[in-house]
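The values are calculated or read from the model by the stated rules, or taken from the named source; none is laboratory data. Just so you know, these numbers come straight off a predicted model, no measurement behind them. Don't worry about glycine lacking a Cβ; one is built from the backbone with ideal geometry, like all the others, and counts go over all protein chains shown. All accessible areas refer to the heavy atoms of the entire protein, side chains included, with ligands and DNA or RNA removed. Shrake-Rupley method; radii C 1.70, N 1.55, O 1.52, S 1.80 Å.
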Amino acid sequence: MAAPLESAHQIARDFNLPAPSTIKVKNLRATIQGPSDAWGRPDRPQPVAVSAAVSLDAPFGASSATDTVAGDTVHYGLLSKAVLSVLYSPALPARSLRSLLDTIWSEMTGFDSRGQDVRASAQKQQQIQQPPFLHFAALRALEISVHLPKATLLGDGVSLTVTGGFEPAADSDAMVVKSLMRQSAVSLKIHGLRVPTLIGVNSNERLAKQVVVASVEIDRLEDDLDVYPELEQVVVQVMSDSSYETLEALGTRLTVAVAAHLHRKHTQPRDGAGWDINISLEKPVAVPLADAACVEMSTNTVNVPNEESTSL
C-alpha cells in the first residue's frame with residue numbers, strides 16, 4: 001500500500017522537522033541518460049546533480065562523545081557512494097526523471113517514492129536482497145532531490161524532490177527495513193526562467209520588455225513521465241504575452257494558466273485534494289540598489305478559478 005500523499009510542508013509539521021540531527025550531501029554530480037532534455041527529447045546524455053538529506057530521531061551522542069562515526073549517524077562518504085553507485089549503474093532504468101529518483105529512493109530505503117515496498121515482490125521471486133542503505137529505526141525523514149541543470153531552454157534547470165516521513169517498524173530483522181514510510185511528498189520545480197516581459201507601473205517600464213526571473217514549483221505532482229518541457233512552454237507563453245503593471249497580477253495569471261494546464265494534462269492527486277502551485281517572480285533591474293524585487297505566492301488548485309472565468 002502506498003504512503004499517503006502530502007505536501008512537503010505537511011510532512012515537516014507531522015514529523016517535527018528539522019530533526020535533532022541531519023546529514024546532508026549536496027549536488028553529487030554525474031552524467032545521466034534517459035530523462036528528457038530541454039527540447040523534450042528522451043535518452044540524451046545530460047548532467048545531473050543529486051542532493052540527499054537524512055534526518056534522524058536523536059542527536060549525535062555517541063559520535064560526538066567518541067569523535068568517531070558511530071551508529072547514531074550516517075557516514076556522508078558512504079551515503080555519497082551509495083547514490084553514485086545508482087547513477088553509474090549500467091542497469092539503471094532511467095526512462096524519466098521520476099524513474100531515476102525512484103531507483104535512488106528504493107536503494108536508500110527499500111521503498112519506491114510512493115512508499116510501496118519494492119522488496120516484497122523481489123522476495124516473492126526468491127531474489128537475494130541486501131538491506132537498503134538506510135535500514136535503521138532511527139530514520140525520521142529523508143529528502144532526495146534530483147536536479148537536471150540543462151533541462152530548460154531559458155532557465156537554471158528542473159528538479160524533482162521527494163520527501164518521506166518514517167516511523168520505526170513494530171517487528172523487523174536484519175533483512176527487513178527497520179523503519180516504515182508513513183507519508184510521502186513529491187514536487188517538480190522549474191528554476192529561474194529568464195523571460196523578457198512587459199511589466200511595471202513606471203512610464204519607462206511600459207516602453208520595453210525587461211527580464212523577469214520565474215521559478216514555478218508544483219507540489220503533489222506524481223506523474224511518471226517528464227512533463228517539464230510542456231510546463232516551461234506554458235510559463236514562457238504567459239510571460240511573453242504579459243502587459244501587466246504588477247508582478248502580483250502576472251503571478252495570478254500564471255497560477256491560473258498552470259492550474260488549467262494541470263487539469264487538462266494530468267491526473268488529479270490520488271487523494272483528490274489538488275496540486276499546490278508555488279510561484280516566485282523577480283525583477284532584477286527594478287530596484288537599482290537591490291539584487292531584485294520579488295513576489296512569491298502559493299495556491300492550491302482547488303482554490304484557483306477556471307481559466308475561462310478569470311478576467312486576468
Once the Cα atoms of helix 247-265 and of the chain are each reduced to a long axis, what angle between those two axes, in degrees from 0 to 90 to the nearest 10, is obtained? 60 degrees
Where is the GNM fluctuation largest for the chain (alpha-carbon springs, 10 angstrom cutoff): Leu262, Leu101, Leu87? Leu262
Can you tell which of Asp271, Asp57, Asp226 shows the greatest fluctuation in a Gaussian network model of the chain with Cα springs below 10 Å? Asp271
Of all accessible surface on the chain at a 1.4 Å probe, what whole percent is carbon and sulfur? 52 percent
Using only the alpha-carbon atoms, how far is helix 97-109 inclined from the longest principal axis of the chain? Give it as 0 to 90 degrees, nearest 10. 30 degrees
Quick one: the Cα spread of the chain along its three principal axes, in angstroms, biggest first? 69, 44, 37
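Within the set Lys26/Lys209; Lys150/Lys265; Lys189/Lys209, which residue pairs have Cα atoms separated by over 27 Å?
Working: Lys26/Lys209 36 Å; Lys150/Lys265 24 Å; Lys189/Lys209 25 Å.
Distance filter (> 27 Å) returns Lys26/Lys209.
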I'd like to check one number: the per residue accessible area of the chain, probe 1.4 Å, reported in Å² as a whole number. 49 Å²
Taking only protein heavy atoms and a 1.4 Å probe, the highest-to-lowest accessible-area order of Leu250, Leu154 is Leu154, Leu250
Springs between alpha-carbon atoms under 10 Å, Gaussian network over the chain: tell me which of Gln130, Gln183, Gln46 tops the mean-square fluctuations. Gln130
Degrees, to the nearest 10: 76-87 long Cα axis against longest axis of the chain: 70 degrees
What is the mean projected area of the alpha carbon convex hull for region 189-303, to one decimal in square nanometres? 7.0 nm²
For Asp241, Asp117, Asp291, Asp37, write out the residues from largest to smallest accessible area, computed with a 1.4 angstrom probe and no ligands counted. Asp291, Asp241, Asp117, Asp37
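Rounded to the nearest 0.05, what FRET efficiency is calculated for Asn306 and Glu245 with R0 set to 25 Å and r the Cβ-Cβ distance?
Rounded to the nearest 0.05, the efficiency is 0.55.
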